[in-house]
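Every number here is computed from the coordinates shown, using simple stated rules; none is lab data. Keep in mind that what you see is a predicted model, and the values were worked out from it rather than measured. Here the Cβ is made from the backbone with ideal geometry for all residues, glycine too, and neighbour counts use every protein chain on show.
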Amino acid sequence: MIPGLASHNIVRALREDEVRDLLAEAFEYGDLTGKRILVIIPDGTRTAPIALFFRLFDELLAPNVGALDYLVALGTHPPMSDDALGTLLGVNVRDGRAGRSQIFNHRWDLPETFVTVGTIDSGEVKEASGGRLDLEVPVRLNRLLVDPADGPPYDQLIVLGPVFPHEVAGFSGGNKYFVPGVAGEEIIHVTHWLGALLTSREIIGTADTPVRRMIDRAASYIPTPRFLIALVIHGTSLHGLFVGDMVKAWKAATALSAELDIVTVERPFRRVLSMVPEIYDDLWTAAKGMYKVEPAMADGGEVIIYAPHITEVSYVHGKYIDEVGYHVRDYFTAQWEKFRHVPWGVLAHSTHLRGDGRFIGGVERPRVQVTLASGIPRERCERIGLGYVDPATIDPDEWAGREDEGILLIRRAGEILYRL
């Protein structure tokens, strides 16, 4: 096992030579010579210097190992094209190959992708959820982790990805790259719905959560040796690098992320303009513009998600969102028989974006108004329960420097968490 190795600097970004030296030490200590290695990486919706690490892995690992392949942890995001993969990795990708490496999309939409590695029994689920859920959950994962359909198995898994405050698990990264990253729908839906029952506002920015414990339990069924390379990003720069045990390295990364990526404010905001970057290409991913500011919102406040480039609610799940809309948690739990057939991950997304609120006597009262300033038409916004404003009528500069008025402008929303 690779020992815990770390390099971090709060004031400045890590230099490439610092990153290279730490990786070289880790790979040497891990004795990876001759081994077949599968690296699990994020897709383009996460800020991380994946191209830098691809280049360093190719330099430090590739000449001495039996295989060095990559699996993109899509969860249920759309598969990435060769061109998109090339942008992510900083190299030319054609037909799923980059040099000597194969690049795999996690094809969550194909049954043959998966193998069942274990089952979390109902007692464990009930305990982990504090009695909120009572069901057995099969843990199906991408078979590349365990038993590839074509070719010999991998000897070593390396998870490479950033750690940020997260609305479902508390913090992203670590074993979350297995669940939901390369998992089947059953464990994805249960963990996301558990997060919704607990509420994003309570979970986000907390390292030890019931959802994280369930994720770690699911990952424990993986028989292949694995270790973590956890990245801590501030803005768009790498400030922390932690290598080692999947849980220990992740916990060290969460401590630094909490210091860099959580802003504590003394008074709540009345209005927030969350400008989401183009790495989020639909509302499903751009919803982080709400998640990351909800804990700092005043009752009756408004969050405007400013994303003129977005024209779709969800490229994968849009039909379900059109069916159920966006609602507070209790809207669904009070009418469970009506909605239980909808994928629970979709219901979780719905409640996370809508935020806290009440549903009493058939009347829904969200705590915060959520308004879209995007390319999604007014009629569709209103039909799914969100406000609408024409993005052309908004001048972001008019929102700047008005925190004393209870007004906040976030120019790159989705990764920094604001809370009281």
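At 25 °C and 0.890 mPa s, what whole-number value in µm²/s does Stokes-Einstein give for the translational diffusion of segment 5-262, with Rh from the Kirkwood sum over Cα pairs?
After rounding, the answer is 133 µm²/s.
In the Gaussian network model of the chain, springs joining C-alpha atoms below 10 Å, which of 13, 252, 286 carries the largest mean-square fluctuation?
13
Give, in nm to one decimal, the length gained when the segment between residue 358 and residue 220 is fully stretched (0.36 nm per residue of separation minus the Cα-Cα distance).
46.0 nm
Run through segment 247-328 and list the chymotrypsin sites (Phe, Trp or Tyr not before Pro) located in a DSSP loop whose Cβ has at most 13 other Cβ atoms within 10 Å.
Filter output for segment 247-328: 315.
If you scale each eigenvalue of the Cα gyration tensor by 5 and take the root, what three semi-axes come out for segment 265-419, rounded to whole angstrom and sorted largest first?
Semi-axes (√(5λ), whole Å): 25, 18, 13.
Given the pairs 126/338; 176/338; 35/319; 288/319, which span a C-alpha to C-alpha distance of over 32 angstrom in this model?
Going by Cα-Cα distance, 35/319 fall outside the 32 Å limit.
Given the rule -39500 (n - 2.57) for each run of at least 4 DSSP H residues, summed and divided by the residues of the chain, what is its mean residue ellipticity at 222 nm, to the nearest 500 deg cm²/dmol?
-8000 deg cm²/dmol
Write out the trypsin sites (Lys or Arg not before Pro) in segment 109-210 meeting two conditions: DSSP loop, and at most 16 other Cβ atoms within 10 Å of their Cβ.
Those satisfying the criteria are 132.
Please state the shape class of segment 182-280: rounded when a/c is under 1.5, otherwise prolate if a/b exceeds b/c and oblate if not, all from the C-alpha gyration tensor.
Verdict is oblate for segment 182-280.
Between residue 323 and residue 126, what length in nm is gained on full extension when 0.36 nm per residue of separation is reduced by their alpha carbon distance?
68.0 nm
Using only the alpha carbons of segment 376-420, determine the length spanned along each of the three principal axes and report them from longest to shortest in whole angstroms.
That works out to 34, 23, 19 Å along the principal axes.
Filter the GluC sites (Glu not before Pro) in segment 118-156 to those in DSSP coil with at most 13 other Cβ atoms within 10 Å of their Cβ, and list the result.
Taking segment 118-156 and a limit of 13 other Cβ atoms within 10 Å, the loop GluC sites (Glu not before Pro) found are 136.
By DSSP, what percent of the beta bridges with both residues in segment 5-262 are antiparallel, rounded to the nearest 5?
Percent antiparallel among DSSP bridges in segment 5-262 is about 55.
Nearest 10 degrees, 0 to 90: what angle lies between the long axis of helix 50-60 and the longest principal axis of the chain (Cα atoms)?
10
For residue 231, what charge total do you get from the other residues with a beta carbon under 14 Å from its beta carbon, if Lys and Arg give +1 and Asp and Glu give -1?
Neighbour charge sum, excluding residue 231 itself: -2.
As a test of understanding, state the convex hull volume per residue of segment 31-153 from its alpha carbons, in Å³.
Given the Cα convex hull of segment 31-153, per-residue volume reads 147 Å³.
With the cut-off at 1.5 for a/c, could you classify segment 1-56 from its C-alpha gyration tensor as rounded, prolate or oblate?
oblate
Please rank 261, 208, fewest neighbouring Cβ atoms within 10 Å first, as an exposure proxy.
Least to most surrounded, the residues fall as 208, 261.
Select from 231, 220, 187 the residue farthest towards the positive end of the dipole of segment 5-262; place +1 on Cβ of Lys and Arg, -1 on Cβ of Asp and Glu, and compute about the Cα centre.
Value: 231.
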